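Enquirer: First the structure, which I've put down as structure tokens, then a few questions once you've had a look.
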Amino acid sequence: MTTVRKIELESIFLISIVAAASLFFVVQRNNRFNVPVVSVNSPLATIATPAPKQNVFSQVSPDGTKKVIMKIDSNKDDTQAYSFYTADGSGNHEQFIFEKIQDGTASMTVPFNTWSSDDKYFFIQENSKNGKRIFAFKATGEPFSDTEKYFDVTDLFKKRETGNNFNEATGWASDSLIIVNTTKQDGTKGPSYWFEIPSKAIIQLSTEF
């Protein structure tokens, strides 16, 4: 009886060892082939949000000592913020001048001839389906008066009622004269004008530019 009992215990012990060895083998095999699961809280699961893209454009003054800088930032509502600054010739010491939000139907540009010849003034351009608009500023950022931080040259020309329509500004005739080209009411080319800063005088020219 004792011998039978001993055999049973040895059999149970043997079976236990075999089962334990089999379990260990299975676990090791699974660990070898399983791909670790990344927790949602793991740093590996964090996706970096790309920084908003900013486009920068600039135009240097005739003597190279100053710059007009335009920065364009895209907003979440599909609009774009156009910010304008002046700086020294190296782009340092920026001074904020002006900002305008556009909804995608219009854009802003800094013309290559933005600066007056004495570096005291500059103008920027708005482009839309309605045509071009010109805004003139002091390089210092100071307003022209208590009510005018800048001159909307296109609007001022329209209010003067010359009988012709503002078309474009092509540059500077002198330190204070912006050259304005026009179209006639029938759409043909009209005469050229000078827009004088800071008096806002509009002078018709005999020569077309």
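Enquirer: Counting other Cβ atoms within 10 Å of each Cβ, which GluC sites (Glu not before Pro) in the range 101-184 have at most 15 and sit in a DSSP loop?
Expert: Answer by residue number: GLU148, GLU161.
Enquirer: Once fully extended, how much extra length lies between THR170 and GLU99, figured as 0.36 nm per residue of separation less the alpha-carbon to alpha-carbon distance?
Expert: My answer for the length gained is 23.3 nm.
Enquirer: Using 7 Å Cα-to-Cβ label points, what is the ILE202/GLN185 separation (nm, one decimal)?
Expert: Here the modelled spin labels are 1.5 nm apart.
Enquirer: When only Cα pairs under 8 Å and 6 or more residues apart are kept, what is the percent relative contact order across the range 54-204?
Expert: 13 percent
Enquirer: Shape of the range 104-166 from its Cα gyration tensor (a ≥ b ≥ c, root eigenvalues): rounded if a/c is under 1.5, otherwise prolate when a/b > b/c, or oblate?
Expert: Oblate, because a/c is 1.5 or more while a/b does not exceed b/c.
Read-outs throughout are calculated quantities, based only on the coordinates presented, and are distinct from any laboratory measurement. What you see is a predicted model; the values in this text were computed from it and never measured. Using ideal geometry, Cβ is built from the backbone for each residue, glycine included, and neighbour counts are taken over all protein chains shown.
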